[in-house]
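The values are calculated or read from the model by the stated rules, or taken from the named source; none is laboratory data. Since this is a predicted model, take the numbers as computed values, not measurements. Because the Cβ atoms are built from the backbone with ideal geometry, glycine has one as well, and the counts that use them run over all protein chains shown. Accessible surface is based on the protein model in full, side chains and every heavy atom, while ligands, DNA and RNA are left aside. Shrake-Rupley method; radii C 1.70, N 1.55, O 1.52, S 1.80 Å.
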Amino acid sequence: MNPDASNFSLRCSADEVERDEFCDIQAAPRLPVRPRPMQGELVCGYFGRVAEANGYESPRSLWRILKQSALCGNELLSRALLLTTAERIALFGTYPSYSGIHLELPYGLQSEDFHHQLMRWCPECMAETPWLRGEWGIKLCCVCVRHAVTLCDRCPSCHASQRQERSDISLCACCGFELAKTVPRAASALLVRWHEMLIAGLRGKCSDTRFDVTPAAWLRLVKYLGQFDSDPSLARPGKLAGMHQLEIAIALTSGTARLLDNWPHNFHALLARARGAFPLTTSINQAFGSLYRAIYCDLDEPHFDFLRIAFEDYLHDHWFGLLGRRNRRLDPLTIAAHPQKSLHAMAKEVNTGKTIVRYLASAGVIRGSMVRHQSGRVTWAIPTDEMVRAKNCVDDGMSMRYAVAYLGISRHRVRELLDAGLLQVWVRRASGGSSNWLISRTSASYLASLGLMAQKIDHPASTCIELAKLLKTWRLRRDEFPALVRAIASMTIVPIGRSITTPGLGGVLLVVGEAHAWLDGYRATESTWMSVNCAAKMLGLKQQVAYELVARRLLVSETSQVGARKCCRIHKNAIEFFRLNFVSLAQIAIAHDKTARQMLATINVTPICGPLIDGARQYFYLRRDVESLLNGYPIFVSIPFQKGDMQ
C-alpha cells in the first residue's frame, strides 16, 4: 500500500475536532462518500475521484449541485467533504475555474505553469495507486522519476488526448481502455536528473548544491534556455506556443538538461556555437545576441547567478576582445581581471608608445587580435601575458642612429643588414608607421663582436683593411655586403683583429688578399636570391609553411619587379639567419626521438607561431628559448639542394 495513502486514511482526533467547527455553518450538502486526498495529489484528479465515488458524471456536474447552497468556494468544499487544513494543504495545483477557488500557489508557481485541460499520467504509478500526482499537472513535467519513464498524454488504443474533466481517471474517456496498461517510454538519465531537481524543489529540498533554484525558477529556466540548445541564434526566447504538448515539453527540458550536465562545459560549448556566427566581432551583444540578453535580462533573478558566473568565466578564457565600462551588465571584477588589454593600456605597462606595441603585434612578435570594423576603425587586443615579451623587445631595442654608431657603418649599410635578415628589427619605420626604428640590440651585439672573436695575427698594415674602409672604397653591390658579413661570421673569411679607432662591425680587420679572393669567387659563382619555393626546399619545409613564415616576417623577403609582374624573392642569408634563430617543433622532436605531439605537450615555452597561436600550419620557436632542449642538435641542418632550383 502506498505510504501516502495510509497517512491520509488515518483520522486523528485533532482532525475530528476541526470538522466539528463546520457543524454550525448554515445548511450545506455533505457528500455521502468523502474520499480523503492523498499527499501531493493534483486538485483536478481529486475532484474526479470524489465525483466518481458519489456517482456523478463529472466533477463539474457535482460542483453544480454543491453550489446550490448558500456557501461558496473553499467553505463549500470544506463543508461538503469535511476537509481539514492539513488535507487542504495536501492538495497540489490549481483549482478548476468553475469552483471559484483561487489560492496562492507554493514556491512561486503561477497558474500558467499548469495544465487546465489535458491530463498526463505514469502507467506504472496508476497501476499501483490510481490517483494523479501533483507534479503531473505542470506543463513542463514529462517524466516519472520513480520509474524513469516519460509520462503519457494519449490513449494507446484510440490515440485520443485525455482531459482532466472526467470522473474515472483510470479509463480512456473515448474507448474505455485501461490507461494503466499503456506501455511507457524509458526516459534519458539527463531528463530524469533534471526532474529529480524539480521534484526536490517541490518538496523544499535541493538535490544539487550548484543549482539552488526554486521550482518556479526551474520552469522559467527551461522556457528561456531550453530552446538555445537546438538553435543558439534564437531571436525571441521564452516565446514558444504549445508547451502543453508532451513532445515539446520533452524537447525543452532535454535541451536544458544537456546544458546543465557537466557544468559548465556544455554551457561553454553552447556559447562557442552562438559566437560562431560572428567570430570576428568584438561586441558581446552581437556575438551572443538573445542568449546574452536572456542571461542578464530575462533571467536576472539571483537564482540564475550561476549562469552569469559561467558566462563571465567563458569570456575570461575565450573572449579575444576588450571588456570595459561599456559592458555595464558584466561584473566589474570580471572586467578588471580580463586577460586582454588595449594598445594604450599595454603601452603604458611597457612604458612605450602605442605604435610600437601595434607593430610588435602586427609583425607577430607578440600575440594580439586585430579587428577591422565596418566603419574602418581598427582595434587591437593584446593578452596580458605578452607584456613580458613586449617589454623585453622594447628594452632590447635601439634606434637607427644608435645602431649606426654602435656598428660603425653607414645608415644604408645598416639597412642592407636589416633587409638581409642579419639584423633583427622589432619596429620598421616605413612599414610600421612608427616615428623611429626599434632594432634588436642582441643581434647588433652579435655582429659588433665579430672582431673581438678574431685571433690576433701579425700582418703588415698594407695588407690589412678595416671593414668600414672596404665599404667606402670597394663598391660592393647590394647583396654583397650582407654576404661578406655572413662569411666573416661563419669564419669563411677569418678576421685578424679589430681597429682601435673604428667601433663595432666597421672596425673588423681583414686581409686584403683573402677578402678579394672571396669577393671574386662570390661574384663568379653565387646566386644570392631565390623564390619562396626554393627557400622552402632549402629549409626542408612545405611551400605553404614558407609563405606563412614570409607573411609573418620570420623569413625576410623582398618584392621585385620582373617584367609586368611582382615576385617575392628571398636572400640566402635570410635563410641562414632563420636557421640560426628559429627552430621548428619537428626538429626538436627529432632531437628527442619523440613525435611532434608528444614534444608539444612537454615543452613549457610559448611558440612564436603555430596552429593554436596564430593559425600557422607548423609550430616554430626562438632557438634561444629552447636551446637547452636541443641536446646538441646542429644549428644548420643539411638539406639536399641543387643550384639549378634557384631562380
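Counting only protein heavy atoms and a 1.4 Å probe, tell me what percentage of segment 343-405's accessible area is made up of carbon and sulfur.
Answer for segment 343-405: carbon and sulfur cover 49 percent of the accessible area.
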**Qualifying lysines (Cα of each under 17 Å from Cα of Lys354; at least 8 residues distant if same chain)** = Lys341, Lys391
**Message:** Just to confirm the number: angle between the C-alpha axis of helix 189-202 and the first principal axis of the chain, 0 to 90 degrees, nearest 10?
**Reply:** 60 degrees
**Request:** Could you tell me which of rounded, prolate or oblate describes segment 156-234, using a ≥ b ≥ c as the square roots of the eigenvalues of the alpha-carbon gyration tensor, with rounded for a/c under 1.5 and, failing that, prolate when a/b is larger than b/c and oblate otherwise?
**Result:** prolate
**Request:** Write down the Å³ per residue value for the convex hull defined by the alpha carbon atoms of segment 280-370.
**Result:** 97 Å³
**Request:** Using the heavy atoms of the protein chains and a 1.4 angstrom probe, tell me the accessible area per residue for the chain in square angstrom.
**Result:** 49 Å²
**Complete:** So for R0 = 35 Å, FRET eff. of Arg210-Cys174 from the Cβ-Cβ r, to 0.05, ends up at 0.20
**Assigned charges on the beta-carbon of Lys, Arg, Asp, Glu; the chain dipole about Cα centre (debye)** = 3420 debye
**Item:** Label point distance in nm, Ala241-Lys391, each placed 7 Å from Cα along Cα→Cβ
**Value:** 6.3 nm
**Message:** Pairs of alpha-carbon atoms within less than 8 angstrom and 6+ residues apart define the contacts here; what relative contact order does the chain have, in percent?
**Reply:** 7 percent
**Message:** For Cα pairs less than 8 Å apart in space and 6+ apart in sequence, what is the mean separation divided by the residue count of segment 109-237, i.e. the relative contact order in percent?
**Reply:** 23 percent
**Message:** List the residues, sorted by chain then number, that are 5 or more residues from Arg498 or on another chain and whose placed amide H is less than 5 Å from its amide H.
**Reply:** Leu509
**Asked** Is the shape of segment 323-392 best called rounded, prolate or oblate, per the rule: a/c under 1.5 gives rounded, else a/b larger than b/c gives prolate, else oblate, with a ≥ b ≥ c the square roots of the Cα gyration tensor eigenvalues?
**Response** oblate
**Relative contact order (percent, whole number), segment 38-189, Cα cutoff 8 Å, 6+ residue spacing** = 29 percent
**Asked** What chymotrypsin sites (Phe, Trp or Tyr not before Pro) in segment 131-202 are in a loop by DSSP, with at most 12 other Cβ atoms within 10 Å of the Cβ?
**Response** none
**Request:** Starting from one equal scatterer on each C-alpha and no solvent at all, send me the Debye-based log10 I(q)/I(0) for segment 124-187 at q = 0.26, 0.27 Å⁻¹, two decimals.
**Result:** -1.39, -1.48
**Complete:** With a 1.4 angstrom probe the carbon and sulfur portion of accessible area for segment 73-231, in percent, totals 50 percent
**Item:** Val494-Ser399 FRET efficiency (beta carbon distance; Förster radius 25 Å; 0.05 resolution)
**Value:** 0.20
**Request:** Multiply the residue separation of Ala517 and Asn436 by 0.36 nm, subtract the distance between their alpha-carbon atoms, and state the gained length in nm to one decimal.
**Result:** 25.3 nm
**Message:** Apply the a/c threshold of 1.5 to the C-alpha gyration tensor of the chain and tell me whether it is rounded, prolate or oblate.
**Reply:** prolate
**Prompt:** How far apart, in nm, are the 7 Å Cα→Cβ label points at Asp231 and Leu333?
**Reply:** 3.7 nm
**Prompt:** If you stretched the chain out fully between Val605 and Ala160, how much longer would it get, using 0.36 nm times the residue separation minus the C-alpha to C-alpha distance?
**Reply:** 153.5 nm
**Request:** Determine the alpha carbon to alpha carbon distance for each of Lys469/Lys566; Lys542/Lys594; Lys67/Lys239; Lys181/Lys205; Lys139/Lys205 and list only those over 28 Å.
**Result:** Lys469/Lys566; Lys67/Lys239; Lys181/Lys205
**Prompt:** Using θ = phi - 60° and the Karplus form 6.51 cos²θ - 1.76 cosθ + 1.60, what ³J(HN,Hα) does each residue of segment 339-347 get, whole Hz, x for Gly and Pro?
**Reply:** x, 10, 10, 6, 4, 5, 5, 5, 4
**Asked** Using the Karplus equation 6.51 cos²θ - 1.76 cosθ + 1.60 (θ = phi - 60°), what ³J(HN,Hα) coupling, rounded to whole Hz, does each residue of segment 151-168 give in order, writing x for Gly and Pro?
**Response** 5, 10, 9, 9, 6, x, 8, 10, 6, 8, 5, 9, 9, 6, 6, 7, 9, 10
**Request:** Just reorder Cys174, Cys141, Cys297 by solvent-accessible area, largest first, 1.4 Å probe, all chains present.
**Result:** Cys174, Cys297, Cys141
